[in-house]
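Asks: Structure in structure tokens, see below.
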Amino acid sequence: MFKINIVKKIVTYFRTSIKVITITTVSAILIVGLVAFFYKPTYAVSLNGELIGYTENKSKLQNEINKYMEGEAEEGIAFRQINSVPEYTLCLLKKDITPNDEEIYAKVTEDGTQYYKYYAITDDGKEKLYVSKFEDAESVIKKLKDKNSQNKNDIGIVEKYDTETKEFTTVEKCVSELYEAPKPKVVYTANASSGYVSGSSSAKVNIGISLIRPISGTITSRFGSRESIRSSPHRGLDIAAPTGTPIKAAAAGTVVSAGYSGSYGNMILISHGNGVQTLYGHCSVLNVSKGQAVSQGQIIGKVGTTGNVTGPHLHLEVRINGVLYNPQNYVY
Ligand SMILES: [Zn+2]
């Protein structure tokens with residue numbers, strides 16, 4: 001009997017325990033369910049440690065802030081920077097709180113810095129004009145090339161990021177402002193006595209006299225040409241003819257010098273007045289001497305191979321006030 005009572009008690013004890021456990025578990029599930037039902041997960045949002053509001057949709061709010069930073073809203077804006085990033089803290093047990101996503105967004109973005117993206121068109125490395133699109137900048141360069149603008153190879157594009165935007169110029173206006181008419185090809189830069197000065201093969205000044213051909217022959221090198229054997233543009237005109245061919249004075253004048261002179265070989269320099277001079281190089285024979293007056297057509301020397309030559313020819317130069325001019329503008 002006594003043993004049976006103990007067993008009964010033990011059984012009753014366990015039954016009670018199971019009931020208690022079941023009730024507790026069910027209650028807990030109900031409570032969690034109720035909390036989940038009535039309290040949506042809400043995030044407290046703070047900026048620089050200061051609470052600025054609450055959101056029930058953290059990812060949506062953060063997405064909008066991201067979009068703002070990526071600068072999607074406006075064309076020409078590369079990106080934006082915000083001073084500080086919002087921090088989110090999950091708060092389950094707060095009741096009666098109103099989410100204020102719009103205010104949070106406004107506060108986060110109010111001190112944002114905008115970075116504009118645009119393109120500078122440069123000439124010789126200097127920024128000249130600005131366009132908003134890369135294609136526009138490319139188009140300007142292409143048009144300048146098509147028009148053979150003098151500066152076509154100096155024009156460049158630089159991608160710019162700046163907190164301030166620039167005034168943009170239309171493609172057509174860029175082209176007209178940057179266009180430089182092509183200069184005549186500079187084929188020589190030469191100063192007769194020393195150094196070199198700029199000149200052009202087409203430059204022609206009136207010398208007031210007419211020159212005749214000192215010899216007839218084949219032109220083998222023109223004024224300003226840059227053959228591989230030359231270290232600088234050709235200072236004169238080369239006319240090939242057999243050694244010994246007589247050379248005539250191109251115009252009347254006075255012999256300034258007649259003698260051997262470096263790469264010219266035997267050369268004669270005649271002054272015709274008004275700053276006009278003619279020079280005859282590579283002669284085999286000199287028939288005149290310094291100070292001598294010569295008439296137009298007078299034989300002054302003979303074709304040869306003295307000085308820097310690859311074959312017999314006359315090297316003819318025309319100098320006006322010390323500047324070299326293309327002899328073919330005056331003779332041949
Ligand atoms: Zn020559």
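Asks: Would you list which aspartates and glutamates come within 19 Å of LYS60, measuring only between C-alpha atoms, while excluding same-chain residues fewer than 8 positions from it?
Replies: Candidates past the 8-residue exclusion: GLU70, GLU72, GLU87, ASP101, GLU102, GLU103, GLU110.
Asks: Normalised by the residues of region 116-178, what does the relative contact order come to in percent, with Cα pairs under 8 Å and at least six apart?
Replies: 46
Asks: Can you pick out the pairs among LYS117/LYS142; LYS152/LYS204; LYS67/LYS142; LYS126/LYS173; LYS40/LYS67; LYS117/LYS143 whose Cα atoms lie more than 29 Å from each other?
Replies: In this structure, LYS67/LYS142 lie more than 29 Å apart at Cα.
Asks: Suppose a student asked you for the relative contact order of region 188-329, using Cα pairs under 8 Å spaced at least 6 residues apart; what percent would you report? Don't skip to the end; give the middle numbers.
Replies: Numbers: 389 pairs, mean separation 39.8, N = 142.
For region 188-329, the relative contact order is 28 percent.
Asks: What shape does the chain take by its C-alpha gyration tensor, where a ≥ b ≥ c are the square roots of the eigenvalues and a/c under 1.5 counts as rounded, a/b above b/c as prolate, and the rest as oblate?
Replies: prolate
Asks: Further question on the same structure: What residues have an amide H closer than 5 Å to that of VAL294, excluding those fewer than 5 places away on the same chain, when H is modeled at 1.01 Å from N in the peptide plane?
Replies: For VAL294, the qualifying residues are GLY253, THR254, VAL255.
Asks: Mind checking which of THR109, PRO246, ASN48 is farthest towards the positive end of the chain's charge dipole, using Cβ charges of +1 (Lys, Arg) and -1 (Asp, Glu) about the Cα centre?
Replies: The residue sitting most towards the positive pole is PRO246.
Asks: While we're here: Could you sort 207-216, 114-123 so that the peptide with the highest average Cβ count within 10 Å comes first and the rest follow in order?
Replies: Averaged packing, sorted descending, gives the order 114-123, 207-216.
Asks: Please give the length that would be gained between GLU177 and GLU75 if that part of the chain were fully extended, namely 0.36 nm times their separation in residues minus their C-alpha to C-alpha distance (nm, one decimal).
Replies: So the extension gain works out to 34.1 nm.
Asks: Can you tell me which of 63-69, 127-133 comes out highest on packing, and rank the rest after it, using the mean Cβ neighbours within 10 Å?
Replies: So the peptides 63-69, 127-133, ranked by packing, come out 127-133, 63-69.
Asks: Report, ordered by chain and residue number, the lysines lying within cross-link reach of LYS302, taken as a straight Cα distance under 27 Å and ignoring same-chain residues fewer than 8 apart.
Replies: List returned: LYS248, LYS290.
Asks: Can you name the helices of the chain, as whole DSSP H runs, whose Cα span along the helix axis is 27 Å or more and whose Kyte-Doolittle mean is not below 0.5?
Replies: Span-like helices here: 2-38.
Asks: Using Cα-Cα distances under 8 Å and only pairs 6 or more residues apart, what relative contact order does the chain have, in percent? Let's see the in-between values first.
Replies: On the way: 663 pairs, mean separation 36.9, N = 332.
Relative contact order, the chain: 11 percent.
Each value in this text was obtained by applying a stated rule to the coordinates, not by laboratory testing. These numbers were taken from a predicted model, which means no experiment stands behind them. Here Cβ is always computed from backbone atoms with ideal geometry, including for glycine, and neighbour counts include all displayed protein chains.
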